[in-house]
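Have a look at the structure below, then the notes.
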Amino acid sequence: MTGKTIVLLRDILERYKKGERKFTEIRCSGVDLNNLDISGSDFSNSDLSFSNFDGSNLSDCNFRGCNMEWSSFRRANMPRANFEKANLTYCDF
């Protein structure tokens with residue numbers, strides 16, 4: 001996962017609030033996205049490993065090709081979320 005732009009969680013949330021939904025090829029690992037609504041976001045080919053998505057609204061999110069190992073998705077709302085070719089090793093659903 002080299003060559004990814006490091007992005008802080010607060011920047012993602014700020015940009016999301018302004019209507020942006022494209023957060024592709026970023027590195028934002030080890031973050032707490034617990035109980036957040038980030039529905040419709042595109043995180044394809046990003047590194048979101050070691051993150052907490054518990055209770056979050058992830059409907060229509062694109063996580064295609066993401067590294068999401070060791071992340072937690074307990075009680076997350078995920079209809080139509082795309083995890084194709086994502087690394088979900090040791091994830092908790």
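The values are calculated or read from the model by the stated rules, or taken from the named source; none is laboratory data. All values derive from a computational prediction rather than experimental measurement. Glycine gets a Cβ as well: all are built from the backbone with ideal geometry, and neighbour counts include every protein chain shown. Note: areas computed on protein heavy atoms with side chains; ligands, DNA, RNA excluded. Shrake-Rupley method; radii C 1.70, N 1.55, O 1.52, S 1.80 Å.
The conditions are (1) closer than 17 Å to N87 by Cβ; (2) buried (at least 17 other Cβ atoms within 10 Å of the Cβ), and F50 fails exactly one of them. Which is it?
Evaluating F50 over (1) closer than 17 Å to N87 by Cβ; (2) buried (at least 17 other Cβ atoms within 10 Å of the Cβ) leaves (2) as the failure.
Mind counting the residues in the stretch 42-65 that are under 21 Å from T5 (Cα atoms) and touching an Asp or Glu at 6+ places or on another chain (Cβ under 7 Å)?
Selection size over the stretch 42-65: 6.
Residue by residue through the stretch 61-74, note down the ones that are closer than 18 Å to K85 by Cβ and in a loop (DSSP other than H, G, I, E, B).
C61, F63, R64, G65, C66, M68, E69, W70, S71, F73
Mind listing whichever residues of the stretch 48-74 are of a type outside the set (A, V, I, L, M, F, W, C) and farther than 12 Å from L36 by Cα?
Answer for the stretch 48-74, where residues must be of a type outside the set (A, V, I, L, M, F, W, C) and farther than 12 Å from L36 by Cα: S49, S51, D60, N62, R64, G65, N67, E69, S71, S72, R74.
Could you please let me know if G55 is at pLDDT 95 or above, more than 17 Å from L9 (Cβ to Cβ) and part of a loop (DSSP other than H, G, I, E, B)?
So G55 does not fit the description; no.
Scan the stretch 53-64 for residues that are open to solvent by less than 40 Å² (accessible area, probe 1.4 Å) and acidic (D, E) and jot them down.
D54, the sole residue that qualifies.
Is it true that some residue in the stretch 67-81 is at pLDDT 95 or above, open to solvent by less than 30 Å² (accessible area, probe 1.4 Å) and touching a Pro at 6+ places or on another chain (Cβ under 8 Å)?
Looking through the stretch 67-81, none of the residues is at pLDDT 95 or above, open to solvent by less than 30 Å² (accessible area, probe 1.4 Å) and touching a Pro at 6+ places or on another chain (Cβ under 8 Å).
Could you give every pair whose Cβ atoms fall below 9 Å, whose first residue belongs to the stretch 27-47 and is within 18 Å of A76 (Cα to Cα), and whose second residue is open to solvent by 20 Å² or more (accessible area, probe 1.4 Å) and among the β-branched types (V, I, T), counting only separations of at least 6 or pairs across chains?
What qualifies is D42/T24; F43/T24.
Looking only at the stretch 1-43, count how many residues are aliphatic (A, V, I, L, M), within 19 Å of G55 (Cβ to Cβ) and either assigned to a loop (DSSP other than H, G, I, E, B) or open to solvent by 80 Å² or more (accessible area, probe 1.4 Å) (or both).
Here the count works out to 4.
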